[in-house]
Amino acid sequence: MANVSREPEYCFQSNDYPLGPGLRLLEASAGTGKTFALAHLVLRLLTEGGHQISELLVVTFTEAAAAELRSRIGQRFEDALEGLEALDQGATHKSPDLVLEQWLQRKGHDGSQRHQWISSLLIALESLDLADITTIHGFCRRTLRRQALESGAVMDPRLDDSGQQLVQEVVHDYWQQQVLALDAQHLRGLLHAGLSVENLAKALLKLDSDPSLPLETHPSNLQSSQPLSSQFDAYLKQCWQQFVDHWQRHGSELDIALSSRAADWRSLGAKDTKPFSPKPKKDRFAILNHWLEAFSQSPQHSDQPFTPGYAAIRDQPLLTDYFHPAVVCTVARRCGEENPNPLIPTLQRSIADLCDGPAEQVWNHALHWGLSALAERRRQRGVMSYAELLSALDPKPQPESMAQLHPDQQAPWLEALRQRYRVALIDEFQDTDPVQWRLLEGAFAHSPDHLLLMVGDPKQAIYRFRGGDLNTYMHARSKVDRIDALLDNFRTTTPLLDGLNHLMAPGLRRSKLNVPSLTACSQATPRPLLLGVNPLQLLNLDEATHQTGAQPAPLTSKTNLEEQIPTAVAHAVLDLLQSDSYNFSPSDICILVGRHRQAASIRQGLAVAAVPTRLVSQGDVLTSEAAQVLQRFLDCLARPSHSSSLKLVACSALMQWKTEQLAHAECNGELDQLALRFRDWAINLPRLGLMGCLSELLEGRTIADLSERGRLLGDLYQCAQLVQEVIHRQGLDASTAADWLRRQRLQPVDPVPEVRQPHSDVAESAVAVVTVHRSKGMEYPVVICPYLWQAPSLPHGPLWRSSSESRWCVALSTRWGKGWQLSQQAHQASLQEAERLAYVAITRACSLLMLIWARGAKQEGNPLSAWLFGVDAIDAAMQDLTPERMSAWLDRQQLPITVVPAQLKSMQQRWQPPPLHGELTLGPTPQRRLDLSWGRSSYSAWVSATHTYDGSAPADPLELEEGRDSDQQKLEPMLKLQDQSAIADASRSTPTLNWSDQSPLGQFPRGAAAGDCLHRILERLDFCKPLQDPNAVIVIEEELRRAGLDSTLLASVQDGLERVLSTPIGGSLGGLRLNQLHGQRRIHELSFDLPIAHQGKVLRSFDLASVFHLNPLARFGLPYAEMITGLNVCSRGFLTGSIDLVFTDSEESLEARWWVADWKSNWIGRRDPEGQAVACGPLHYDDSAMEQQMLLHHYPLQAHLYLVALHRFLRWRLPSYEPQRHLGGYVYVFLRGLPGAKAINGHSFTKPVPGLIVEPAPLERVLLLDRLLKNGGQ
């Protein structure tokens, strides 16, 4: 990285900064108020500059930062308006800050200009929500929408929010299709070389997230479009033959050269030349020859020389650990050589090619294949990744002269950007990548009519893992017309800032960045400190762990030191909280860590001292310990008689049974009593709710114990609330709720929704534990940095970012050649970023900063050495960084810092929060009874509580609504209970035609997951294309895999759904088939929220029954009305649901009739005497059998509710809507029972079609139900 040789020319002045066109840079150190500066600049651009808000582009790094910047800009407009209006009225006005006060005094006295500015600011405030104040990705997305034709992109790009999951899917597919097709010996060798699903996924995610650099390609690489297995065999054979040829010519020469070089090293004073020796005891040349001869004698065809498996090659230690060039280069560096090279280059390169080349080729093949697969799957799904958003607008590199002289040859959207915007303000510019800079530079940098102002701080460039490139910042910095610096610090108190100025005076030496001295302008009053104590403090673990003496003690390992850090931090925090001088509360303190494991250790250490903590991160409460505890509780609700589940919950934090109690419980009946309690809770779950069941289980002592554990109790209740919401919204029972929670725990989402971020992590009075990356933009009165003494971890390959070649490269060995160079580049980059991370960490503090220093083994390269020991200590050995050397440097620099030994004794004290002052009083109490009927209901919630198959627990609402897990064996008890004359046994029905008793979906798995799978497939399919189409195959395979079903079901799903789509619907729809419905004629998953009785009385079961008294002789008439009265419906609020399919019966939407269709995967069939299913097909799905299912599950009620929802939707969206003319009816599609087009050939459409219930809309009923939902019951 080039040094920052060009210093800022100006100190930024808010009211004097030029607003004209140009390319400028504003460098803002931490705490210098860049957001304030930007907001004031926007104010001046709209007033003095005469720009409209729509002509400004303001870009920042995150959504949160964009929201804050928008808010600050809006507040600035309001403050300016108040001042201008006060001047206009001659009234006195107190400005919120000196900058605005000076601006009003200097600029606000021209009356006509003032009126114009007031008008402009009012217009800007009204349109502020529409202004382009956004992230770079938001800007790209808006631009793509506006410039879709010019860019060739989709009209409205949908962002892919499942990038990590999609990468996992692609990698698993590659592994299954390509890697597992290799010979077992090759596969073992690749595993030995570090290839794995996990490592591939990490590398592919890294590539997918960074569009700025391409992946290297080479003509000799394996072609990703071709299968791996055949190419791998050929490549390995080529490498083997090349190695054998070179070995036969130069093997002996290499063996002698290695011994000779070992003698040379020894002569120069080197003691350790292992594994090489001037006089080796083994004849390694002969041993390897013998190994080669053994392979040459392997039984093979005489005309085909034998090639060993890759595992045999990787297992040969003489190749990998002796003759390999990486070994000699490693020993040479150990003996003092700076740039060692192979001794016999041709032979040793052939050895490296043989040992490492095949694995590198597979890595290249896998990553190219994966990138192509990701792009194709996103294209099929109609989504784009964040990286693809940028790539879609990338103007690509071109010579600067061409950009200036031939703007007509640039990407067409650049001119459109120039026409739309006149000013571009780019915040956090240090995190910009090359693609973003090419886009901004191409659009604005060379225009004489535009202002491109970049705001950033190179010292805070810490997002290299996201593609942020400091070299890009430096390249842009070298081109700007002017550099201004913000040098007033508004965050840190004067005493602490004085210490920080001295501490960081040497600058960031590895990054070659200066740290300017800042002026303290904070309005905060410094906290009182003890006499002789500075706000900049250093806890020295070195003095606590090493005793001075004649013989220096060996350095403590990093692991051992990390075990001591939580205790030292806990003592320091207790001292701060218990000191009468400081007067700090827990919420004033922030502890910055580098990894989440460190955060967990710190929180555990503070928990011992009873200090509350909160983790400020994108945590997911559904992956917490509390979610696992709740999972055990739900599993018991789902299966109360399952002894293993009962034992798990008994031993969990919920009940805390001891081993002895559990052993006795099986004998004394206590476990049986627990099973009965869970059975009762399962039955009462719809009434009590999950929170109620959980509260009945928890006893006072247990709650107190959970409270002592800190966050567990809060997390448990939050998890229960989330699950309860899903139970209510989706109509789940205990079993399906347990399955839902298990899926969320095992397949966490990214990013984590706000509702799932732990509430325990936002406690009002708790010590914040934050990663340094996450802390950027935050500030705290007290900051403790316990881990800055650590050097960054060595980077791992084999995927490396090559800045010199501007591409991603694959290199397996990091000890020689290209791999060594790339790894050293990456190591230097990580050392530089560690330095910048340290700068970010220590600049979060407002009043007090506490650093921890520990002299750990192998921690050379840590960011504190240059600041605590002097610039010449930056590469010093840790053994040389003694306390004496530190004291000498601190004294020489006159650094105002207090150094004290860390306390490492066991924690004995516990923090007690100060007592609350004031008298406790009761809060307001309700003056009327709460309306328990009000809420959000659903069809499934209405019908679930009345359906029990065995009399023990309510049926699964998904089973009732979708029919996804029901069969005749379960239904028989229920049929007897219903005793309705309208319900006939399907097995006694006599078919009218000789339909088949087998269906392709007859043996398809039953259950909620399987039914969901078929629903999702139908939602994603293109009905008009055959199911053998590649896109359809991908959809089916993805959904089978998502549901955890065997991929061998592909053919049966294709055949079964082909029948569903090709079968004429019959009835009023005649010969219409679903595969005739193109995308403009159908709507999938039409969700609705219908208001219930907002103005009237509660809606009850007998009100719903009255609907079916109309047309009593019609289908589902009086007998069904009597069944509805058995429901327990008492609702006000909203009725929510989703219609599987809405479609039209003709091409003309304004004239067509609109129908609802619902997919049902109910199993109806024949069993053998043992109860095993033996047949399921169209034969069993006659009209009587399906009507039985309709009545049993209250599908008629569901159908009528759907028709009301469709009626309201059409009344809202369809011009000149008339229900008599446009409302068609409902179709219930029993997926397992449709015969297909061939089987139905010649069948009269006037007769019922197996698997289909088709009914025209009963308008009188629909309109009455519509009125009931609106006005309430009787």
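Could you tell me whether residue 610 is out of contact with any helix residue (DSSP H, G or I) (no Cβ under 6 Å at 6 or more places or on another chain), over 28 Å from residue 732 (Cβ atoms) and in a loop (DSSP other than H, G, I, E, B)? Yes: the conditions hold for residue 610.
May I ask you to verify whether residue 873 is in contact with a helix residue (DSSP H, G or I) (Cβ under 6 Å, 6 or more places away or on another chain), within 23 Å of residue 340 (Cα to Cα) and outside the structural domain of residue 194 (by TED's automatic domain parsing)? Against the criterion (in contact with a helix residue (DSSP H, G or I) (Cβ under 6 Å, 6 or more places away or on another chain), within 23 Å of residue 340 (Cα to Cα) and outside the structural domain of residue 194 (by TED's automatic domain parsing)), residue 873 does not qualify. Looking only at segment 1083-1105, count every residue that is buried (at least 16 other Cβ atoms within 10 Å of the Cβ) and of a type outside the set (A, V, I, L, M, F, W, C) and tell me the total. Residues meeting the conditions: 5. For segment 190-235, a tally of residues being acidic (Asp, Glu) and either within 22 Å of residue 802 (Cα to Cα) or touching a strand residue (DSSP E or B) at 6+ places or on another chain (Cβ under 8 Å) (or both) returns 3.
For residue 569, are the conditions met, namely being surrounded by 20 or more Cβ atoms within 10 Å (Cβ to Cβ), within 23 Å of residue 536 (Cβ to Cβ) and out of contact with any Gly (no Cβ under 7 Å at 6 or more places or on another chain)? In short, no.
How many residues are surrounded by 15 or more Cβ atoms within 10 Å (Cβ to Cβ) and either under 23 Å from the mean Cα position of the chain (by Cα) or not hydrophobic (A, V, I, L, M, F, W, C) (or both) when one looks only at segment 1041-1051? Matching residues across segment 1041-1051 total 3. Could you check residue 432 against (1) in contact with a Pro (Cβ under 6 Å, 6 or more places away or on another chain); (2) within 22 Å of residue 774 (Cα to Cα) and say which number it fails? Here residue 432 clears every test but (1). Residue 617: in contact with an Asp or Glu (Cβ under 9 Å, 6 or more places away or on another chain), modelled with pLDDT of 90 or more and buried (at least 17 other Cβ atoms within 10 Å of the Cβ), yes or no? In short, no. When residue 457 is tested against the conditions (1) touching an Asp or Glu at 6+ places or on another chain (Cβ under 7 Å); (2) farther than 20 Å from residue 481 by Cβ; (3) of a type in the set (D, E, K, R); (4) modelled with pLDDT of 90 or more, the lone failure is (2).
Of all the residues in segment 810-843, those that are of a type outside the set (A, V, I, L, M) and within 26 Å of the chain's Cα centre (by Cα) number 3.
Among residues of segment 879-895 that are in contact (Cβ under 8 Å) with a residue 24 or more places away in the chain, those with a Cβ under 7 angstrom from a residue that is surrounded by fewer than 19 Cβ atoms within 10 Å (Cβ to Cβ) and of a type in the set (Asp, Glu), sequence gap 6+ or separate chain, pair up as 883/543.
Residue 39 meets each of the listed conditions (1) under 22 Å from residue 486 (Cα atoms); (2) in contact with a helix residue (DSSP H, G or I) (Cβ under 6 Å, 6 or more places away or on another chain); (3) outside any helix (DSSP H, G or I) apart from (3). Applying the criterion of being among the hydrophobic types (A, V, I, L, M, F, W, C), assigned to a loop (DSSP other than H, G, I, E, B) and within 43 Å of the chain's Cα centre (by Cα) to the residues of segment 508-554, the residue that is modelled with the lowest pLDDT is 524.
The C-beta contact set for segment 581-610 (first residue without any contact (Cβ under 8 Å) to a residue 40 or more places away in the chain, second residue surrounded by 16 or more Cβ atoms within 10 Å (Cβ to Cβ) and assigned to a helix (DSSP H, G or I), distance under 8 angstrom, 6+ apart or interchain) comprises 601/562; 601/565; 601/566; 604/566.
Please give the helices (runs of 4 or more DSSP H) falling wholly within segment 1142-1230 in which 1 or more residues are of a type in the set (Asp, Glu) and farther than 27 Å from residue 1123 by Cα. Even if it seems obvious, please write down each step before you answer.
Numbers: elements: 1183-1192, 1195-1213, 1219-1222.
Per the criteria, no element qualifies.
Looking at residue 1079, is it modelled with pLDDT under 90 and under 43 Å from the mean Cα position of the chain (by Cα)? The answer is yes for residue 1079.
Could you grab me the full set of residues in segment 213-263 that are acidic (Asp, Glu) and over 37 Å from the mean Cα position of the chain (by Cα)? 233, 245, 253, 255, listed by residue number. Of the residues that make up segment 13-21, is at least one surrounded by fewer than 19 Cβ atoms within 10 Å (Cβ to Cβ) and assigned to a helix (DSSP H, G or I)? Within segment 13-21 (the criterion being surrounded by fewer than 19 Cβ atoms within 10 Å (Cβ to Cβ) and assigned to a helix (DSSP H, G or I)), the answer is no, since none of the residues qualifies.
Only a single item in (1) among the aliphatic types (A, V, I, L, M); (2) under 28 Å from residue 443 (Cβ atoms); (3) crowded, with 20+ Cβ neighbours inside 10 Å is not met by residue 67, and it is number (3). Among residues of segment 116-160 being surrounded by fewer than 14 Cβ atoms within 10 Å (Cβ to Cβ) and not in a helix (DSSP H, G or I), the one that is modelled with the highest pLDDT is 127. When segment 1179-1203 is filtered for residues that are surrounded by 23 or more Cβ atoms within 10 Å (Cβ to Cβ) and either of a type in the set (A, V, I, L, M, F, W, C) or outside the structural domain of residue 943 (by TED's automatic domain parsing) (or both), the ones remaining, listed by number, are 1179, 1185, 1186, 1190, 1197, 1199, 1201, 1203.
In the condition set (1) farther than 22 Å from residue 1245 by Cα; (2) of a type outside the set (Val, Ile, Thr); (3) touching a residue at least 60 places away in the same chain (Cβ under 8 Å); (4) not in a helix (DSSP H, G or I), residue 1014 is compliant with all but (4). For segment 163-183, a residue qualifies if it is hydrophobic (A, V, I, L, M, F, W, C) and touching a residue at least 60 places away in the same chain (Cβ under 8 Å), and the qualifying residues are 166, 167, 170, 171, 179. Residues of segment 188-205 that are free of Cβ contacts under 8 Å to residues at least 12 places away in the same chain and of a type in the set (A, V, I, L, M, F, W, C): 191 alone. Scan segment 782-811 for residues that are in a strand (DSSP E or B) and surrounded by 19 or more Cβ atoms within 10 Å (Cβ to Cβ) and the total you get is 10. Taken over segment 228-279, the residue count meeting the criterion of being in contact with a Ser or Thr (Cβ under 9 Å, 6 or more places away or on another chain), touching a residue at least 24 places away in the same chain (Cβ under 8 Å) and among the basic types (Lys, Arg) is 3. With respect to (1) of a type outside the set (D, E, K, R); (2) surrounded by fewer than 24 Cβ atoms within 10 Å (Cβ to Cβ); (3) closer than 22 Å to residue 468 by Cβ, the lone exception for residue 814 is condition (3).
Which count do you get for residues in segment 858-912 that are farther than 26 Å from residue 571 by Cα and among the polar types (S, T, N, Q)? Adding up the residues that qualify gives 3.
The values are calculated or read from the model by the stated rules, or taken from the named source; none is laboratory data. Model, not experiment: these values are computed from the prediction. Note that each Cβ is placed from the backbone with ideal geometry, even for glycine, and that neighbours are counted across all protein chains shown.
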